[in-house]
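Since the structure comes first, as structure tokens, the remarks are kept for the end.
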Amino acid sequence: MPTIPRQRPFVVEALTALALLAAPFILPHLGFSPSTINRILIYALVGIGFDLLFGYTGLLSFGQAAFFGTGGMFAGYLLTQTSFTNTIVALILGTLVAGVVGYLVGLLALRRTGIYFAMITVAIAEVFFFVEFNPLSAFTGGENGLPGVPSPNLMLGFKTFTFDSNLSMYFFFAFWYFAGLVIALRIVRSPVGLLLRAIRDNPLRAQALGHDIHGYKLTVFVVAAMYAGFAGGLLGLMQGFMPPDAFMFATSGEIVMQTAIGGAGTLFGPLLGAATWLLLSDFFQTTLHLGATWKLVLGIVFVLLVIFLRRGLAGAIMDLVHLARGKRQGRASPATATPAMPVQPVSVPAASAALPPRHTPLQDKPGPILHTTGLSKHYGGVHANADIDFTVNHGERRGIIGPNGAGKSTFFKMLTCEVLPSSGRIVFEGQDITQLGVADACQLGLTKSYQINQLFERLTVRHNLAIAALGEIRGKFKLDLFRDLRKVPGLDAQVEHTAALVHLAGRLDTPVSELAYGEKRRLEIGLALATSPSLLLLDEPLAGMSPQERVETVALLKSIAVGRTLIVIDHDMDSLFELVERVTVLQEGRVLVEGTADEIKTDPKVQEAYLGGVQGAFA
Amino acid sequence: MTAFDDHDGRKAPAALASQDLSSPAMRPMPFALSRRNALRAGIGIVGATLVPGIGHMGLAYADDKPAIGTWPAGSQGSSVFIGAAVPLTGTYAVQGEDERKGLELAVEHINTNNPLMKALAPKINNGVLGKKVELLVADSAAKPNQAVQAEQTFINQNKVVLMFGSTSSAVAVALNKFAQREKILYMAGISGSNDTTGKDCVRYGFRQGFYGETAANAIGPVLLAQFGKNRKAAFMTPDYTYGHTTTKSVADYLTEKGGWTVVTNQVSPLGTQDFSQYLTNIGNSGAEFLINVNWGRDAVLSTQQAKQFGIIPKMTLVVPYQIPFLAKEVGPDLTAGVFAATDFWWTLEDKYPLAKMFVESFQKKYGYRPEWGAENAYVSLGHWARMVTEAGTFYPPDVIKQFEKGETIPSLLGDVHYRPQDHQLVRPVILVRGKAKKDMKNDEDFWEVIGIVPGDKLMQAPDAFGCKLGDYT
Amino acid sequence: MINWSNFIAQCFNGLVLGALLALISSGLTIIYGTLGVLNLAHGAMFMLGGYAGWVAYTYTGSFLVAVAAGALFVMLVGLVTERLIIRHFYARPPEDQLLVTFGLGIVFVETVRFFFGSLSKTVPPPSLLTGITNLGFMVYPTYRLGLLGIVSVALLALYFVLYRTRIGMIVRAGIEDSVMVDSLGINVYRVFMLVFGIGSMAAGFAGIVNAPVVSIAPDVGDAILVQTFVVVVIGGVGSFTGAILGGLIAGEIVSITSMFNPAYSYVMLFIAMTLVLVLRPYGLLGSAGRE
């Protein structure tokens, strides 16, 4: 089964191409004027880039006008102020400049996330506006803009085609829109595309699975800037005039609103949004003569969409299609309803054998896999961990217990490099990883499953596992923007093996949001497992499970422990002692005692610690 | 994006034409009827074969004159459309509204054989060349982008035969270039930049009004005669082509001919609200004269705030490019004694009979005396009607050639002619001085005409500002 | 060579502008600090204050009534907006909050345009504050001097509310830790609603007292909103004192740069913001943790 189930390849592209070919002969009868149609394509193209940024990666930028203007002005400058006449080359140069500018702005803006990111993009876009307006007015014309941009042309050396009628200009724009869409579809279907969605849903987990999320964010920021820059150039060609308005905050706002109205995260949303926007604007002004009222109507529509229809028009259409299709299928084969999770103990040994941990031929490497010395962490005056010396050997299964507040989770966070220790060292497989980031630690083969599920809620089980597996297969950062996700060697195998291992093979194409709690718990472990760690940390893997599920999960953990090293935190002593060989007890941030399960059970210090802590822990 | 923003959502729309959907010109045009020959681009062949009709559309008019711009599609119905983009909102809204009224009156007069219009364009006959003229107006907000979009819509939907309007030279320059690309005639309305018929001139664009250079050369001698040599002036300049070129023309005249010094030039963006920082710089510059090149609401606000900061009356205000309704808005207290150059002032009715006819019919229709925005719009349309009727065709190259004959033609201020080299009308510049309130004979008697300077002496050589007109086709 | 009298005068301009920005920004920042919502309709609130005041002025001819009407009307708009819309967005991602407040801003602006048109309106200053005042070292428009006083008083009042009243304590505690306030059994929603109202009122009040200086138009809040962001980023998001410091810094940067070349004043302002972001990512007086 492919990673993205898609029976008919290129069907989206083919349908889009047909629609683009038919549009100029149909849309005018629906009240679209030719210039409106061309304008829709231009805004839809900026929107595609913005959709990659916002809809797919979750980065809401109110500063796209900076790149729209930069690309357009650069191309416009070449075509009006120099002897440059090749419009396509000018467009591409403008796009490249927008990309470079996007890279520089991205370096700054992506230092922060969420609301701060949005504010910074607004402010930086304003810098561009003011700089364009006066200091650079010798190049941009300032308030005047750049009039006299020629019609688009295609210079083949021996012959030059000029696209100067409505229809020919339309096909020029439609071609570029189509090219932009195809590129975006490729990106979305590539491993990078999946990782962008991972960043949108849960950036911290994406990072913990070994991905350089900053690198991917910067990539998509640059891509969006290039889309905007290219579309800016097209705007100049279409109007014969490159307006300074392209740099204005209102332009950024329009791009945001159009994408949100059309539906973010769909790539087609911006097209729908731009069409709705511009058609309503035409309709209200030239047919109803209501002047600026159209903006009020659109504003209200926009607010209502944000409140009630989060995924915009495209989302609503897709929901309707799914609903219709779901009903039909539901009638045809009610038996295909998702079966209850079958326990598949039989397949487990085979699967785990096929999924070896990397780097670690156990037999060859006796001795410690992980070693900490004097590891401490304090927040202000509070000592979460103090002076922990801790060693785990290859192939060992180690438990960590301790009363609430003993510092177990902080200790884990330091081991996985999520938190920088205040002092001390961590050595993993002979390498000092104390100063590394969480993504690097994961890349070395050290990862963690979380106490509270950290899943990619809007994606399927298959995609969740693929995100994890890609970390190992592709490394921390790789720009395979155009590679088909389904053609990544070894990915499907690893995803399916992991799924079998955590008993989710039958649920691969189910969205995470539809999973039962126990299934989510197993997926949480599966995510860590899919990175093929040599050292797996499990933070309360049994938390919240029923007794039956605990038994199954312990069996599961035992099976996956074959050939790898495990460190487990849990409060369920009985299950833990059954699972692990040795136990370390933490108390008040320090190591209290360490030993085998039996030794720990009888240790008076432990008894004492727990009598003051969790009552009846050994009952 | 707001190509048609109305300044008042509830008010009647600015577009005056009745949208008659049965007339062919108003029906939504499929692409196949695109205004230019789609066959020029190879890809257009697809369209031609897909849509029946495109072939003979092209053929029917392919005699000696190939289709160009909106010709002949734009003049095949019972009426022809003029697409005007004037500011009805924003900084220049007040002046744009005056301009719109001038256009409206001119179109009405063309369609009704009004004697005044007959004087400007004798061959009109309840319309031009047998067609009624209809006016379409969109709000440009004085923004070139909005103006270009509005005109593009007019071209697509109405096949306009003439584009009009600006009230911002940034718009005029953008529409100039747009007109040249689309091959549709364009008459700049109010546009004070030297560039409009200078470095950014085009074959398809014409200007009736005065501009920075002629204003400077008209008002300069008066300032020198009145205030003497070697004085110190501060300029306030709006940051776009009109402001820069006008300031340069005036400053050059004063420094070269009179040894004046420009102690500071405060350049502010169009639409500035708070001039305090600029005025503080001027207040501390030691200037004796405040030469305010700002326009529209910018001029009103900057002048009012100059008074708040005590700069007026400490410095003498000069307005080289007069702003319609400035005196009305800031009050005669601020404009009394102020020297200004302008295109037209209504008291000229005493001297010119056509001006009298214009002021009377305008006042009758709108209840106030027209300022120069209305005059400029009216005369521009009159000249267009004259040229089209004289040429006997809407075919743009022929109309352009009619303009370029440079024949002496009437205006409200006597005989004038268009310069064929740069398409600028050679016309007088009016010098005025603000009246004190006690001297005003009625509530619109703000300015006293102190001179009518013939245009030919004021203008630069046709090629001095780098005008290259470009092609006819 | 620096012209010192010009320098002093420009510093004074900066003070007036800075005080105004400080007032608007403090409204934005207390809303963000307490509710965690960045209100992109804050610029529209500034505009609404101006229009509400203008309407009141047209009917009564009293500047005082206009100021009261502007402030109270915008407070009401804030309360209603929070109750009907913003409240449903606390649990949604921050991007949704940005989108909905951005949309609300457009709806407010276009509604005003619908009823009052795009042409600008003016509110004259009260007769007491017209004319020019000679300060000895320079002359200055009396109303602008008065504006400095009015805005300072408003900031003091806001300070008093925030630091000397029970509601202020709750708000400040909420800025520190809204979960804790919740667990103390305080009705957080009522506090949130009130904070949104007060924060909006700060913008509305600024909108009407600034109306005599510049004329008001439907889009008058757009530029203000962006400048407010800069102030908040410089001062530190969520910090009341940061907003005041940031406002004054922003005002002075704009004014002092304009001594040399006004065209660069806003470029300099945004460069300053960038520097702060690089050197002190949480702003001059902000603290880490809120993102």
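Quick note: the coordinates plus some simple rules give every number you see, no bench work behind them. Keep in mind that what you see is a predicted model, and the values were worked out from it rather than measured. Quick reminder, even Gly has a Cβ in these numbers, built from the backbone with ideal geometry, and neighbours come from all protein chains shown.
Structural remarks
- In this structure, the amide hydrogen of C:Ile132, modeled 1.01 Å from its nitrogen in the peptide plane, lies closer than 5 angstrom to those of C:Thr142, counting only residues at least 5 positions away or on a different chain.
- Cβ crowding within 10 Å averaged over residues, with C:60-69, B:205-214, A:197-206 ranked highest first: B:205-214, A:197-206, C:60-69
- Rough spin-label spacing in nm, given labels placed 7 Å along Cα→Cβ, for B:Lys356 and A:Val593: 12.0
- Distance (nanometres) between label positions extended 7 Å along Cα→Cβ at A:Phe10 and C:Phe137: 7.7
- Helix-only CD estimate at 222 nm, as mean residue ellipticity for chain C, using -39500 (n - 2.57) per DSSP H run (n ≥ 4): -25000 deg cm²/dmol
- Database note for the protein assembly as shown: Cys without another Cys beta carbon under 4.7 angstrom, A:Cys417, A:Cys442, C:Cys11.
- Cross-link reach list, aspartates and glutamates versus B:Lys365, counting only Cα pairs under 16 Å and skipping chain neighbours closer than eight places: B:Glu97, B:Asp98, B:Glu99, B:Glu104, B:Glu108, B:Glu375
- Under Karplus coefficients 6.51, -1.76 and 1.60, residue-wise ³J(HN,Hα) of segment B:434-447 in Hz, glycine/proline x: x, 8, 6, 4, 5, 8, 6, 7, 8, 6, 10, 8, 7, 10
- For B:Val267, residues with placed amide H under 5 Å, excluding near neighbours: B:Thr237
- Lysines with Cα under 18 Å of A:Lys217, excluding same-chain neighbours fewer than 8 positions away: A:Lys476, A:Lys478
- Take every Cα pair under 8 Å whose residues are at least 6 apart in sequence, average their separation, divide by the length of chain B, and the relative contact order is 17 percent.
- At an R0 of 51 angstrom, the distance between the Cβ atoms of A:Val297 and B:Thr473 translates into a FRET efficiency of 0.75.
- Checking the cross-link pairs B:Lys401/B:Lys468; B:Lys143/B:Lys307; B:Lys364/B:Lys441; B:Lys177/B:Lys468; A:Lys520/A:Lys558 against a 21 Å limit on the alpha carbon distance flags B:Lys143/B:Lys307 as lying beyond it.
- Across segment B:387-401, coupling constants 3J(HN,Hα) worked out from phi with the 6.51/-1.76/1.60 Karplus curve, θ = phi - 60°, read 5, 5, 5, 5, 6, x, 7, 8, 4, x, x, 5, 5, 4, 5 Hz, and Gly and Pro carry x.
- Across segment A:34-323, the mean sequence separation of Cα contacts (distance under 8 Å, 6 or more residues apart), normalised by length, yields a relative contact order of 34 percent.
- Simple rule: put +1 on each Lys or Arg Cβ and -1 on each Asp or Glu Cβ in segment B:334-473, find the dipole, and look at B:Ala336, B:Thr393, B:Ser361; the Cα lying farthest toward the positive end is B:Ala336.
- Amide H to amide H distances under 5 Å link B:Val318 with B:Leu290, B:Ile291, B:Asn292, where only residues 5 or more positions off or on other chains count and H is placed in the peptide plane.
- Reach of B:Lys65 by Cα under 13 Å, taken over aspartates and glutamates that are not fewer than 8 positions away in the same chain: B:Asp398
- The convex hull built on the alpha-carbon positions of segment A:34-323 has an orientation-averaged projected area of 16.3 nm².
- Along chain A, the longest continuous region that contains none of the GluC sites (Glu not before Pro) in a DSSP loop with at most 15 other C-beta atoms within 10 Å is A:1-456.
- Local net charge near A:Gln207, Cβ-Cβ under 14 Å (Lys/Arg +1, Asp/Glu -1): +2
- Relative protection proxy for B:266-272, A:236-242, A:403-409, from highest mean packing down: A:236-242, B:266-272, A:403-409 (other beta-carbon atoms within 10 angstrom).
- Ellipticity estimate at 222 nm from DSSP helix runs (n ≥ 4, -39,500 (n - 2.57)) divided over chain A, nearest 500: -17000 deg cm²/dmol
- Average beta-carbon neighbours from other chains, 10 Å sphere, peptide A:278-288: 3
- Relative to one another, the C-alpha centroids of segment C:59-102 and segment B:97-161 are positioned 45 Å apart.
- Inter-probe distance in nm under a simple model that places probes 7 Å from Cα toward Cβ, at A:Ala138 and A:Val182: 4.2
- Length-normalised contact order for segment A:456-532 - Cα pairs under 8 Å, 6+ apart - percent: 53
- Largest-first principal axis extents of the Cα set of chain B (Å): 73, 47, 45
- Using alpha carbons only, the radius of gyration of the protein assembly as shown set against its Kirkwood radius gives Rg/Rh = 1.03.
- In the structure shown, the pairs A:Lys448/A:Lys487; B:Lys314/B:Lys457; B:Lys131/B:Lys183 are assessed against 26 Å; a Cα-Cα span above that value is assigned to A:Lys448/A:Lys487; B:Lys314/B:Lys457.
- Value of [θ]222 nm, deg cm²/dmol, for chain B, DSSP H segments ≥ 4, -39500 (n - 2.57) each, nearest 500: -11500 deg cm²/dmol
- The phi torsions of segment C:113-124, fed into the Karplus equation with coefficients 6.51, -1.76 and 1.60 and a -60° offset, translate into couplings of 4, 4, 8, 10, x, 8, 5, 6, 10, 10, 10, x Hz, rounded to whole numbers, with Gly and Pro shown as x.
- Calculated FRET efficiency, C:Thr58 to B:Asp463, Cβ-Cβ distance, R0 = 41 Å: about 0.15 to the nearest 0.05.
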